[in-house]
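Student: My questions all concern the structure below.
Here, each number is a calculation from the coordinates, and none is a lab measurement. Keep in mind that what you see is a predicted model, and the values were worked out from it rather than measured. In this analysis, Cβ positions are derived from the backbone assuming ideal geometry, glycine residues included, and neighbour counts consider all displayed protein chains.
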Ligand SMILES: [Zn+2]
Ligand SMILES: [Zn+2]
């Protein structure tokens, strides 16, 4: 079942291009997903949250002037078990999300040479305060889930078990090119900006990014952009991000941003009052922001020397050349033969061929992809026994927007 998740996911991905309004068949119903909802038809349930009057209710988040249907696309049943990936309801104080924590985008096949675990369906229930409140002190991030992307997959802090930075430095771990991997209980999770999570609004880098998830204090997590070509991580002065990766503006109130390439990548602590129901067991959370402890060079074998061209146009098909450097392999050599899977960000490559150390493949880049964000590439060899995987970080981006 797990081996086929990727195929199911990618089939789902191709179904849907959420640029403005698309009609998607979800859970047997026809659901309209998009930005042109008439606010007069919505009912406020608290804070920036609204529901439609239709049954089943669609939940909207008021993101600046826009009403975002954050969850309809992600409600589909990616693993075909008869249960939607996410099911949303609410009570007087909270948005309540039942989530299978299951990626609905292409992933690496796990286990592989970079990770011994497999991706398993989860039974999460999370509560997000409808009206998040700032706290006078920062709550320290626990290990395990710290928040949820809008597809129901959880965010973890930047550290692996053992407490070292999972994203950079000598302690870097193998994340697939959608920036996730499963831990020992099969929980697939993101340690950095998940470029593969679909938002109802495209992130073309020309305005403030849309919401991509929620932290466990109820404050929203936005994509990387603050404005036209400006990453939130690069802001200075009053608008600079705080140690939690958050800041405020009049339209959005307090909110977090992901910071590609810069610690803490997703959030650095909770600036809001946390919802205790999200922290299982007798965990006692400390106070204060987390600090980067990365150092040195990554010990992941840098077998992928280059991807050319390194940038591409949205809405077009491109042929890419991936140059391998087998001398960079560590204990195990690069297999002979060709990889059976090549993925760049969310794009699964087709027509994969290998000639010596040169791999060619095609990627079909959808029009609604995040523009300007550096993406990772990973390749997989079937191998005998455990699949061999290699990756290169931040090696490709879609720089040029498609024609309007
Ligand atoms: Zn991890
Ligand atoms: Zn912002």
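Student: Can you give the relative contact order of the stretch 198-320 as a percent, counting alpha carbon pairs under 8 Å and 6+ residues apart?
Tutor: Across the stretch 198-320, relative contact order equals 18 percent.
Student: May I ask you to work out the translational diffusion coefficient for the stretch 113-200 at 10 °C, viscosity 1.306 mPa s, via Stokes-Einstein with Rh from the Kirkwood sum over Cα pairs, reported in whole µm²/s?
Tutor: 111
Student: Continuing with the same structure: Calculate the translational D of the stretch 87-244 in whole µm² s⁻¹ from Stokes-Einstein, where the hydrodynamic radius comes from the Kirkwood formula applied to all Cα pairs, the temperature is 20 °C and the viscosity 1.002 mPa s.
Tutor: For the chosen part, D equals 127 µm²/s.
Student: Something else about it: Taking the number of other C-beta atoms within 10 Å as the exposure measure, put 113, 295, 135 in order starting with the fewest.
Tutor: Ranked by crowding around the Cβ, least crowded first: 295, 135, 113.
Student: Say we join alpha carbon atoms closer than 10 Å with springs in a Gaussian network model of the chain; which of 252, 127, 284 then has the biggest fluctuation?
Tutor: 284
Student: Taking Rh as the Kirkwood radius, which is the inverse of the mean 1/r over Cα pairs, what is the Rg/Rh value for the stretch 304-400?
Tutor: Rounded to two decimals, Rg/Rh equals 0.97.
Student: Treat the stretch 165-261 as a sphere of radius equal to its Kirkwood radius over Cα pairs and apply Stokes-Einstein at 20 °C in a medium of 1.002 mPa s; give the translational diffusion coefficient in µm²/s, rounded to a whole number.
Tutor: 148
Student: Which of 256, 225, 170 moves most in a GNM of the chain, Cα contacts under 10 Å?
Tutor: It is 170.
Student: Helix 5-15 versus the longest principal axis of the chain: what is the Cα-based angle in degrees, 0 to 90, to the nearest 10?
Tutor: 60
Student: Please list the radius of gyration and Dmax for the chain, considering alpha-carbon atoms only, with Å as the unit.
Tutor: Cα-based Rg and Dmax for the chain come out at 20.3, 63 Å.
Student: Taking 0.36 nm per residue of sequence separation and subtracting the Cα-Cα distance, how much length would be gained by fully extending the chain between residue 284 and residue 173, in nm to one decimal?
Tutor: Net length gain for the segment: 37.3 nm.
Student: With an 8 Å Cα cut-off and a minimum separation of 6 or more residues, compute the relative contact order for the chain in percent.
Tutor: Computed value for the chain: 15 percent relative contact order.
Student: Also, quick follow-up: Just the number: Rg to Rh for the stretch 235-392, Cα atoms, Kirkwood Rh, two decimals.
Tutor: So for the stretch 235-392, dividing Rg by the Kirkwood Rh gives 1.07.
Student: Take 348, 273, 238, 291 and order them by how many other Cβ atoms sit within 10 Å, fewest up front.
Tutor: Taking fewest neighbouring Cβ atoms as first place, the list is 238, 291, 273, 348.
Student: What spacing in nm lies between the two simple spin-label points modelled at residue 319 and residue 184, each 7 Å away from Cα in the Cβ direction?
Tutor: Simple spin-label model gives 4.8 nm for this pair.
Student: Now for a separate question. Report, in whole Å, the centroid distance computed from the Cα atoms of the stretch 160-237 and the stretch 349-387.
Tutor: If we compute the Cα centre of each part, the gap is 21 Å.
Student: How do 363, 121 line up, fewest other C-beta atoms within 10 Å first?
Tutor: Least to most surrounded, the residues fall as 121, 363.
Student: For the stretch 107-251, calculate the relative contact order in percent as a whole number, restricting contacts to Cα pairs under 8 Å that are 6 or more residues apart.
Tutor: 22
Student: How big is the C-alpha Rg of the stretch 218-280 next to the rule-of-thumb value 2.2 N^0.38 Å, as a ratio?
Tutor: Scaled against compact globular proteins, the figure is 1.13.
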